[in-house]
1. Just to confirm, what accessible area per residue do you get for the chain at 1.4 Å probe, in whole Å²?
2. For region 27-159, which semi-axes, largest first and in whole Å, follow from the square roots of 5 times the eigenvalues of its Cα gyration tensor?
3. How big is the convex hull of the Cα atoms of the chain, per residue, in Å³?
4. Sorted by average packing, counted as other Cβ atoms within 10 angstrom per residue and highest first, what order do 175-187, 33-45, 83-95 take?
5. Using 0.36 nm per residue of separation minus the Cα-Cα distance, give me the extension gain between Gln79 and Asp128 in nm, one decimal.
6. Rg and Dmax of region 32-98 over Cα atoms: what are they, in angstrom?
7. Between Ala179 and Lys94, what is the FRET efficiency for a Förster distance of 35 Å, r being their Cβ-Cβ separation, to the nearest 0.05?
8. In what sequence, highest mean first, do 211-219, 18-26 appear when ranked by Cβ atoms within 10 angstrom?
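The values are calculated or read from the model by the stated rules, or taken from the named source; none is laboratory data. Quantities reported herein were computed from a predicted structural model and do not represent experimental measurements. Because the Cβ atoms are built from the backbone with ideal geometry, glycine has one as well, and the counts that use them run over all protein chains shown. The area values use the complete protein model at the heavy-atom level, side chains included, leaving out ligands, DNA and RNA. Shrake-Rupley method; radii C 1.70, N 1.55, O 1.52, S 1.80 Å.
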Amino acid sequence: MAKIVMFGNMKGGIGKSTATLLAATALAQAPFNKKVIVLDLDRQGSLYELRELDKEDTDSFSYPVRSCTMEEFYKDIKQLDQDYDLVFLDTGGKLDNNLSFEQQEITPMLLNTDVLFIPFVAGNFATDATLKYLEYVVKVEQLKQEKHGQSLNIIGFVNMHIKNRKDDTDLAEYLAEIASETGLKFMQNRLGFYTAYRGADTIKSLYKDKPTNSQERNFKMWIKELSKNL
């Protein structure tokens, strides 16, 4: 049975697609070797376009990337459940202030999601938007329990972390308060702000069993912790 996984946030530029790419590529290869598929449901189609570019370099991939609509996802969900271990959904997270949480476009998708990772990035505007998104997904989690008797596992993590920067230190303290007040689970390992992450492709995993630099060590710890939450 597949786990359906999403990296979600209503704030753009917070690293949802990059985190999806990094996780999917690593978990589809050794030492994890999961059967992975990425469904690009975002209108921008950035991951699907990246895969098309990567086809210029190779025709051998460890997992497929499909561009599809939400209707196609709902239609294929039973088959995806049989064929894969992990189904990553890459989608926009924009919320319409004029609609209730039940009417939001991504609500049906979240009702079919098993694990939602929420990236938090330092900076006032990013944090405020993420908190609004968190309020929304908590309501969706409650609705999923009521309608389907199933849980939505919501996990936060710090993304684009820069060590010893003041706003990142402030963010850590703020998230500790959120965890204390809401019970939200946070990953212990933060994903750093490295050029290699932003320049990743859909071909090569960034996981190194024996890391030789800070970027490799950071990614190894992050992806191993993430995998334990799936």
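1. On a per-residue basis, the chain sits at 52 Å².
2. 27, 19, 15
3. 128 Å³
4. The peptides rank, most packed first, as 83-95, 33-45, 175-187.
5. Extra length available between Gln79 and Asp128 comes to 13.9 nm.
6. Here Rg and the maximum Cα pair distance are 13.4, 45 Å.
7. It comes out at approximately 0.85.
8. 18-26, 211-219
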